[in-house]
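Colleague: Sharing a structure below in structure tokens format, with a few things to ask.
What follows draws every value from the coordinates through simple rules; no lab data is involved. On a predicted model such as this, the values are computed, not experimentally measured, just so you know. Cβ sites come from the backbone with ideal geometry, for glycine too, and all protein chains shown count toward neighbours.
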Amino acid sequence: MPKTADNDKKPRVGIYLGSSSDPPVMEEARKTLRELGIACEMAVASAHRSPERAHKLATTAEERGLEVLIVGAGGAAHLAGAMAANSILPVIGVPLESSALKGFDALLATVQMPGGIPVATMAIGKAGAKNAAILAAQIIARKDAGLAARLRQQKKAMAAAVEESSREVEAG
């Protein structure tokens, strides 16, 4: 099984990538989780090239203490659906740009899950990876008051940044 990204804490979120070329984008999810104090693990597994590995990661995630799975994949992007089919944990899909279709194929593949296999689907790329981490944190925060407080503080900081930007623009 993958090593935790935060060796001093038990991982609560699993971040899975369809290819070894995906870390530059999916690192945004890990960075955001770390900023919120959430330990995670990250691993590569392909729904097509290593289906047994993907199956094992999904079926053992809950017993390993994970609470949410974030899955990034490009092209046919079947990994999020494969993980969701094999786990009752919430799965958040991040479509990645990896083909001539600039991620649109991955977006459609990730969002078009059959009934009974839900995958929450984010935007294509780094913004999607960041939002996946924030959504994972919001799910976990329902039972973690400290995390909920950190999320509220993050939203206040974003609002304050907008206010500061507005003052600068108005002063023009």
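Colleague: Report the dimensions of the chain along its three principal axes from the alpha-carbon atoms, largest first, rounded to Å.
Modeller: That gives 57, 39, 30 Å along the principal axes, largest extent first.
Colleague: I've got another one for you. Using θ = phi - 60° and the Karplus relation 6.51 cos²θ - 1.76 cosθ + 1.60, list the HN-Hα couplings for the range 103-110 in order, rounded to whole Hz, with x at every Gly or Pro.
Modeller: Residue by residue, the range 103-110 yields x, 5, 4, 5, 4, 5, 5, 6 Hz.
Colleague: Could you pull out every residue, at least 5 positions away or on a different chain, whose amide H is within less than 5 Å of the one on residue 70? Hs are placed 1.01 Å off N in the peptide plane, and Pro or chain starts have none.
Modeller: For residue 70, the qualifying residues are 14, 15, 16, 92.
Colleague: Could you give the angle, 0 to 90 degrees to the nearest 10, between helix 145-171's Cα long axis and the longest principal axis of the Cα atoms of the chain?
Modeller: 50 degrees
Colleague: OK, next. Project the alpha carbons of the range 79-137 onto their principal axes and report the range along each, largest first, in whole Å.
Modeller: Projected onto its principal axes, the Cα set of the range 79-137 covers 32, 25, 14 Å.
Colleague: What is the fewest-to-most order of 60, 121 by other Cβ atoms lying within 10 Å of their Cβ?
Modeller: Starting with the residue having the fewest Cβ neighbours, the order is 60, 121.
Colleague: Would you order 19, 98 from fewest to most other beta-carbon atoms within 10 Å of each residue's own beta-carbon?
Modeller: 19, 98
Colleague: Let me ask another. Starting from 0.36 nm per residue, how many nanometres of slack lie between residue 21 and residue 145 once their C-alpha separation is accounted for?
Modeller: Length gained, residue 21 through residue 145: 41.1 nm.
Colleague: Can you give me the relative contact order of the chain as a percent, contacts being Cα pairs under 8 Å and 6 or more apart?
Modeller: Reported as a whole number, the value is 21 percent.
Colleague: May I pose another question? For the pair residue 169/residue 99, report the inter-label distance in nm, with labels modelled 7 Å from Cα in the Cβ direction.
Modeller: The answer from the label model is 3.7 nm.
Colleague: Near residue 126, within a Cβ-to-Cβ distance under 15 Å, what is the net charge of the other residues, with Lys and Arg +1 and Asp and Glu -1?
Modeller: -1
Colleague: OK, next. At residue 161 and residue 43, where each label point lies 7 Å from the Cα along Cα→Cβ, what is the point-to-point distance in nanometres?
Modeller: Distance between the two pseudo-spin positions: 3.3 nm.
Colleague: Order of 56, 143 from fewest to most other C-beta atoms within 10 Å?
Modeller: If I rank by nearby Cβ atoms, fewest first, I get 143, 56.
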